[in-house]
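Since the structure comes first, as structure tokens, the remarks are kept for the end.
The values are calculated or read from the model by the stated rules, or taken from the named source; none is laboratory data. Owing to the predicted nature of the structure, the values given are computational and were not obtained by experimental measurement. Glycine gets a Cβ as well: all are built from the backbone with ideal geometry, and neighbour counts include every protein chain shown.
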Amino acid sequence: MKTNRTLFVVLVLALATLACQLGGAVPGTGLSQPSAPATGQPPILVNAPVNPLAAQDSFVALYQRLSPGVVIIKVTGRDGEALGAGFVYDSAGHVVTNYHVVQDAVNDKVEVDFLSGFKAYGTVIGTDLDSDLAVVKADAPASELHPLTLGDSDAMSIGQTVIAIGNPFQYFGSMSVGIVSALHRTLDSQHLIADSGQPFTAGDLIQTDAAINPGNSGGPLFDMNGEVIGVNRAIETTNFSANGQPLNSGVGFAVSSNIIRRVVPVIIKDGKYDYPYLGISSYSLGNPSRGGMSLDEIEALGLKQFTGTYITGLADGGPAQKAGLKAGTQPTSIPGLSAGGDLVVAIDGRPVLQYDDLIAYLITQKAPGEDVVLTVVRGDETLDITVTLEVRP
């Protein structure tokens with residue numbers, strides 16, 4: 001039985017639909033004018049496309065150039081055949097995909113299908129559960145290998161156009177277009193903490209509204225230069241097909257290219273990648289929509305600001321505990337919430353507005369054995385504490 005490789009699906013939440021008004025064109029200017037805000041502020045003028053056909057032609061040209069580097073990954077496991085996507089990483093035949101696409105492969109063997117119709121066997125040579133990445137070595141001739149170029153995900157901005165190419169519902173080589181909805185998102189990883197069984201955090205994910213569905217997992221997300229700026233990993237949805245497959249809701253997540261750039265060469269060489277480890281549990285002050293603190297909680301802790309990430313727990317014998325960081329221990333008016341912990345407000349001089357900023361910096365800039373300087377607010381003091389990072393256990 002053939003099935004699409006199910007996307008890794010994150011928390012199922014109810015989604016609300018927002019309505020907006022579009023303004024008319026400003027005569028003779030080539031500009032579009034939105035309706036004036038109720039505040040009386042002057043409207044923002046947005047450049048309209050001078051030639052819509054030129055934009056269309058650019059998408060056509062990008063697809064023709066990029067699609068030969070996108071592949072189908074077929075995995076035969078205990079539950080039948082599953083499909084995912086991937087992209088050609090180099091001329092040696094290395095293909096990047098998601099770990100969850102290949103995790104059920106028997107003897108680490110998969111099939112790699114190219115746009116030309118050529119098919120090759122591949123071997124899974126390395127995986128990374130923290131980022132949900134895997135590398136497959138495809139037995140294919142040079143004529144079939146069209147490596148794609150990695151871009152700089154740190155250079156992306158919210159609102160930029162992005163393109164996904166993959167195999168949704170077995171429709172090979174399908175293209176969808178959207179924008180970058182947000183940057184530096186976090187999700188649970190598939191690497192579990194040994195003592196608790198809780199997942200470590202996967203960070204620096206790109207959120208996009210480009211259509212991503214089962215079969216897109218492992219496929220590339222491109223910028224308009226045709227560079228890979230992410231690997232499509234997960235969707236958040238309340239919608240499911242008749243056979244239980246998750247359906248796109250406009251909230252998708254991709255592993256950033258700067259994580260790919262760090263991780264993939266190492267797992268090609270060593271078969272695995274070690275992530276830096278702080279050994280803290282914390283709550284963001286500045287992210288109320290996804291588990292951040294409410295104003296009541298911030299006041300109960302006696303904190304005097306609304307940004308940073310508050311330490312609620314320390315791993316026994318972990319790097320943060322060794323360095324002298326503190327977690328909350330003093331009861332508050334809110335059950336389960338303890339005051340007296342450190343509030344992390346910067347790492348190596350870079351502001352930490354929320355936990356997402358902390359984890360994104362750690363996993364894209366640092367390695368085990370290196371030092372980081374955490375700036376923390378402790379009571380009325382601001383302290384700089386040096387922590388030597390270790391390997392995630």
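Numbers below:
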item: Of all residues making up segment 73-114, the number that are crowded, with 24+ Cβ neighbours inside 10 Å, over 19 Å from A140 (Cα atoms) and in contact with a Leu (Cβ under 9 Å, 6 or more places away or on another chain); result: 3
item: Helices (runs of 4 or more DSSP H) contained entirely in segment 295-393, each with at least 1 residues that are free of Cβ contacts under 8 Å to residues at least 40 places away in the same chain and not assigned by TED's automatic domain parsing to the domain that holds V264; result: 295-300, 355-365
item: Check on I229, under 23 Å from H94 (Cβ atoms), assigned to a strand (DSSP E or B) and modelled with pLDDT of 95 or more; result: yes
item: All positions within segment 123-158 that are surrounded by fewer than 16 Cβ atoms within 10 Å (Cβ to Cβ) and under 16 Å from the mean Cα position of the chain (by Cα); result: D152, D154, A155, S157, I158
item: Segment 159-175 - residue that is more than 18 Å from the chain's Cα centre (by Cα) and assigned to a strand (DSSP E or B) and, of those, surrounded by the fewest Cβ atoms within 10 Å (Cβ to Cβ); result: M175
item: Which numbered condition S249 fails, given (1) farther than 19 Å from V101 by Cβ; (2) in contact with a Ser or Thr (Cβ under 7 Å, 6 or more places away or on another chain); (3) in a strand (DSSP E or B); result: (3)
item: The one condition in (1) more than 19 Å from E227 (Cα to Cα); (2) not in a loop (DSSP other than H, G, I, E, B) that S116 fails to fulfil; result: (2)
item: Subset of segment 52-94 [within 25 Å of the chain's Cα centre (by Cα) and acidic (D, E)]; result: D90
item: In segment 176-198, the residues that are of a type in the set (D, E, K, R) and surrounded by 13 or more Cβ atoms within 10 Å (Cβ to Cβ); result: R185, D188
item: Among (1) closer than 25 Å to Y275 by Cβ; (2) in contact (Cβ under 8 Å) with a residue 40 or more places away in the chain; (3) not in a loop (DSSP other than H, G, I, E, B), the one test that V180 misses; result: (2)
item: Single condition D130 does not satisfy, out of (1) of a type in the set (D, E, K, R); (2) in a strand (DSSP E or B); (3) modelled with pLDDT under 95; result: (2)
item: Count - residues of segment 184-216 that are under 12 Å from the mean Cα position of the chain (by Cα) and in contact (Cβ under 8 Å) with a residue 60 or more places away in the chain; result: 10
